[in-house]
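Below is one structure, written out as structure tokens, with a few remarks after it.
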Amino acid sequence: MLELRNISKVYNPGTVTEMCLFDGFNFKVADGEFVSIVGSNGSGKTSMLNIICGSIPIDGGDVLIDGVSVNHLAEFRRYRTFGRVYQNPAAGACPNLTILENMSLADNKGKRFGLSSGVNKKRAGYYREQLAALGLGLEDKMSVKMGSLSGGQRQAVALLMATLTPLDFLILDEHTAALDPHTAEIIMQLTDRIVREKNLTAIMVTHNLRYAVEYGSRIVMMDRGHIVLDKAGEEKRNTSTDDVLHLFNQISIECGN
């Protein structure tokens, strides 16, 4: 279980732009949950992901995994059991390396590299099988550099790379936002399949309300550092996109947007 307990976070303390985003914020994600997070800009969605991953410091509170605080763990150490797919398709891989080289690096996450070759050719067949399962023909492009692929292809490979090694949590940071609608649908379907097949615990931030409603086992809406909607199971299944949009619009009107 992942738990954010009594989290406090102030941006630009002591300045005229000081902003308290989280003040005693609490949030729990049970093992095996696929949580969709929605909310307007500035609601705290991405800040929450960054706090979970250790990308930004907190001013108070605890980040716990299975009841054990990970506050002392640096970001790169948390990524040994975390996988993250970013909004920018170029952020999840090395553009000047081939698909094979990128996957080899991802496959070695958390292990020692030493002075041996970075590419494990013995695993090439396995990588090919994993790529073939995506259904995008990428298994025939293993020698192609990542920078030569389309945004959707890069995001598909990045998703595969993020889940190549055993994970505790998969973090999806608006990972379809930069894609065209057709490609975004493909990536969401791949995401759902991978999460289900690997039985992952996933947290997805998205601005697409339909994706938040259709995918995952739980939906959460945030507003100015608070959770204003949290539905799971049957409650979530009975929630429509219009229901979420109505609440979203209500909050926007109250904020003067």
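Numbers below:
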{"item": "Filtered residues of the range 238-257 (kept if touching a helix residue (DSSP H, G or I) at 6+ places or on another chain (Cβ under 9 Å) and either aliphatic (A, V, I, L, M) or part of a loop (DSSP other than H, G, I, E, B) (or both))", "result": "239, 240, 244, 245, 257"}
{"item": "Condition met for residue 190 (more than 11 Å from the chain's Cα centre (by Cα) and farther than 14 Å from residue 89 by Cα)", "result": "yes"}
{"item": "Residue identified as closer than 24 Å to residue 79 by Cβ, out of contact with any His (no Cβ under 7 Å at 6 or more places or on another chain) and of a type in the set (Lys, Arg) among 145, 236, 141", "result": "145"}
{"item": "Some residue of the range 12-32 being in contact (Cβ under 8 Å) with a residue 12 or more places away in the chain, assigned to a strand (DSSP E or B) and basic (Lys, Arg)", "result": "yes"}
{"item": "Matching residues in the range 29-54 - criterion: being within 16 Å of the chain's Cα centre (by Cα) and not hydrophobic (A, V, I, L, M, F, W, C)", "result": "31, 32, 33, 36, 39, 44, 45, 46, 47, 50, 54"}
{"item": "Residue in the range 224-237 that is among the basic types (Lys, Arg) and part of a loop (DSSP other than H, G, I, E, B) present", "result": "yes"}
{"item": "Search result, residues across the range 115-173 that are open to solvent by 10 Å² or more (accessible area, probe 1.4 Å), under 30 Å from residue 1 (Cα atoms) and hydroxyl-bearing (Ser, Thr, Tyr)", "result": "165"}
{"item": "Number of positions in the range 76-95 that are at pLDDT 90 or above and either exposed (fewer than 15 other Cβ atoms within 10 Å of the Cβ) or acidic (Asp, Glu) (or both)", "result": "2"}
{"item": "Scope the range 33-60; condition part of a loop (DSSP other than H, G, I, E, B) and under 20 Å from residue 248 (Cβ atoms); matching residues", "result": "40, 41, 42, 43, 44"}
{"item": "Candidates 40, 47, 36, 8 - the one that is at pLDDT below 95 and either within 24 Å of residue 66 (Cβ to Cβ) or not aliphatic (A, V, I, L, M) (or both)", "result": "40"}
{"item": "Per-region count, the range 174-189, residues assigned to a helix (DSSP H, G or I) and open to solvent by less than 10 Å² (accessible area, probe 1.4 Å)", "result": "3"}
{"item": "The range 96-114, subset part of a loop (DSSP other than H, G, I, E, B) and surrounded by 13 or more Cβ atoms within 10 Å (Cβ to Cβ), residue modelled with the lowest pLDDT", "result": "109"}
{"item": "Matching residues in the range 115-130 - criterion: being small (Gly, Ala, Ser) and either at pLDDT 65 or above or on the phi > 0 side of the Ramachandran plot (or both)", "result": "124, 125"}
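The values are calculated or read from the model by the stated rules, or taken from the named source; none is laboratory data. No experiment lies behind these values; they were computed from the predicted model shown. Please note: Cβ atoms are built from the backbone with ideal geometry, for glycine as well, and neighbour counts cover all protein chains shown. Protein only, heavy atoms only, side chains kept; ligands, DNA and RNA dropped before computing areas. Shrake-Rupley method; radii C 1.70, N 1.55, O 1.52, S 1.80 Å.
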